[in-house]
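In what follows, a structure is listed as structure tokens, so that the remarks can point back to it.
Where a number appears in this text, it was derived from the coordinates with a stated rule and is not lab data. All figures in this text were calculated on a predicted structure; none of them were measured in a lab. Neighbour counts run over all protein chains shown; Cβ positions are idealised from the backbone, glycine included.
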Amino acid sequence: MFEASRAATRGMVAAFVVCAEDWRRHDDAPVKVDLWLRTLRELSCALAALNIPLIILESRTPGRIGTVLLELADRAECDALFFNEEYEVDERARDESVTRKFESSSRCVRSFHDHVVFDPASIRTGEGRFYSVFTPFKRAFLARAETEGIRLLPPPKRQPEMVLAPTPVPERIEGFQTRIDPTPWPAGERHAIRRLEQFCERGIAGYKDGRDFPALDTTSRLSPYLNSGTLSPRQCIVAARGANQARLDDSHPGAPGPATWISEVIWREFYQHVLVGFPRVSMGRAFRPATDRIGWSDRLDHFESWCGGRTGVPVVDAAMRQLNTTGWMHNRLRMIAAMYLTKDLFIDWRLGERYFMQRLIDGDLGSNNGGWQWSASTGTDAAPYFRIFNPITQSRRFDPNGDFIRAWLPELRGVEGDAVHDPSVLPPLRRAALDYPQPLVDRDAVKERVIAAFKAIG
Ligand SMILES: Cc1cc2nc3c(=O)[nH]c(=O)nc-3n(C[C@H](O)[C@H](O)[C@H](O)COP(=O)(O)OP(=O)(O)OC[C@H]3O[C@@H](n4cnc5c(N)ncnc54)[C@H](O)[C@@H]3O)c2cc1C
């Protein structure tokens, strides 16, 4: 936006294209679409103050997006198109097609990398290859950040006049209604920046020690703002560096919190890099092709129990109910729930990936796919297939008092002590009196089954 406003000589327009068909095909969650609409309303006001009208366009199919944009360009007499790149296969194809349309109408097109810190294709190994392991990627990223610096862009420049009147942002989009409470996610850059500043003042120092405990509010909860483009990863890293004695690394005693958080933001960059380098992951295929031959379980009833938070494993069920009710899930729980689905229930990771995408307010193909393939041991840097989380042990470790479980599973609220993690240890009559399902599978058989399946594909 800044670059367009700087280049404009006779005013500019900002455009957002609603394409419900495209959003449905990509499993965008209603709660996420709701956040987009609320964000657009805030953005429209902020831009209008700069004489930049926000124009909402509608395209029935993704293939028509170029045409509707070109019609706007004609109407507003625009001679250039500026946009930020996205890295999924379909989005890249869309942007290439729009670019061709604009260029063939003798308009100039310029694209930028604002969804990430650096162009994800520009960070490469010494041999020019894409990274498939996080740690060397992170090293290369940090070296680049140290040498080039991370530059924050100023706000867009005020334009001499409004070339068109802004159009109203729709209240809702057919097919994307949600009942999820929006209060925890106020929309707009002002709120996102305030959340980032508060986190850097009060939360980041304790992040390394506290981030794995879902009952505590110790992570930033900035992912919806990052993925909707409300906040840039550059703003995040620069703010974290400010809380880390102007450094990006962990070379001083106060650094573990900020440095760990910066690492997490770099994980997000890494997964965008993977999308560009290994486009098959955006097409429903495994990063490790051999694992596409795994014969996953066809127990759809197990999958449905997992979706509904009725597996009989409290930490998994509490996690799924948090997701279903709020549209968000804590990272530790995403790992536990994903590993439980793909290892204990041995269900294809693609089903879980899709379910998360259809529910998450921060749903993002790169990070979601990366997290799922990590958990299923089919991806980059993946968890070795023989190292399987025991969800009960994870629960004891990361929800030691069972506070998170009790908050989300009313049927276990009266269960005291360690049994909240594993109700099977209760006396049989007491266990039977709970309105809570028995575990779906026998844990003792899980490891053997997974090892046999992975060994079978060689
Ligand atoms: C199975 C699974 C699915 C996931 N799906 C998504 C998704 O759809 N969208 C999404 O943004 N994240 C996803 N994640 C990553 C992570 O769980 C969320 O980014 C994090 O929980 C967001 O909360 P936060 O903003 O409080 O994170 P913080 O802990 O405060 O981290 C700061 C930022 O770093 C980034 N980040 C943190 N952890 C990761 C990670 N493991 N991978 C990539 N980026 C990370 C996020 O942008 C996050 O906002 C997934 C992880 C798993 C295991």
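Which order results if 302, 273 are arranged by neighbouring Cβ count within 10 Å, fewest first?
Working: 302 18, 273 29.
Ordered by Cβ neighbours within 10 Å, fewest first: 302, 273.
Percent relative contact order of the chain, based on C-alpha pairs within less than 8 angstrom and at least six residues apart? Relative contact order comes out at 17 percent. Take the Cα of residue 127, step 7 Å toward its Cβ, do the same at residue 90, and the gap between the two points is 3.4 nm. Summary of packing: across the peptides 314-322, 93-101, the per-residue average of other C-beta atoms within 10 Å ranks them, highest first, as 314-322, 93-101. Normalised by the number of residues in segment 2-112, the average gap of Cα pairs under 8 Å and 6 or more apart makes the relative contact order 28 percent.
Compute the length gained on full extension between residue 198 and residue 297: take 0.36 nm times their separation in residues and subtract their Cα-Cα distance, giving the result in nm to one decimal.
Working: separation 99, 0.36 × 99 = 35.64 nm, distance 4.49 nm.
Length difference between fully extended and current span is 31.2 nm.
The charge dipole of the chain, taken about its Cα centre with unit charges on the Cβ of Lys, Arg, Asp and Glu (plus for the first two, minus for the last two), comes to roughly 480 debye.
Which pairs in the list 32/343; 32/101; 32/447; 208/455; 208/447 are over 32 Å apart, alpha-carbon to alpha-carbon?
From the list (32/343; 32/101; 32/447; 208/455; 208/447), the Cα-Cα distance tops 32 Å for 32/447; 208/455.
Here the Karplus curve 6.51 cos²θ - 1.76 cosθ + 1.60, taken at θ = phi - 60°, turns the phi angles of segment 187-200 into couplings of 8, x, 4, 4, 5, 5, 5, 4, 5, 5, 5, 5, 4, 5 Hz, with x standing for Gly and Pro.
Stretched out straight at 0.36 nm per residue, the stretch from residue 10 to residue 74 would grow longer than its current Cα-Cα span by 21.6 nm.
Roughly speaking, what is the stretch gain from residue 152 to residue 280, that is 0.36 nm per residue apart minus the C-alpha to C-alpha distance, in nm to one decimal? Can you show the working numbers first?
Working: separation 128, 0.36 × 128 = 46.08 nm, distance 3.24 nm.
Taking residue 152 through residue 280 to full extension adds about 42.8 nm, to one decimal.
Taking the average, over residues, of other Cβ atoms within 10 Å as the packing measure, peptides 190-197, 105-112 rank 190-197, 105-112 from highest down.
Can you show me the helix-derived [θ] at 222 nm for the chain, built from DSSP H runs with n ≥ 4 at -39,500 (n - 2.57) apiece and divided by the number of residues, rounded to the nearest 500. It would help to have the intermediate numbers written out before the result.
Details: 20 runs with 210 residues, N = 458.
The per-residue figure over the chain is -13500 deg cm²/dmol.
Where the eigenvalues come from the Cα gyration tensor of segment 373-458, what are the semi-axes √(5λ) of the equivalent ellipsoid, largest first, in whole Å? Before the final figure, lay out each step's value.
Details: eigenvalues 190, 50, 19 Å².
Gyration-tensor ellipsoid for segment 373-458: 31, 16, 10 Å.
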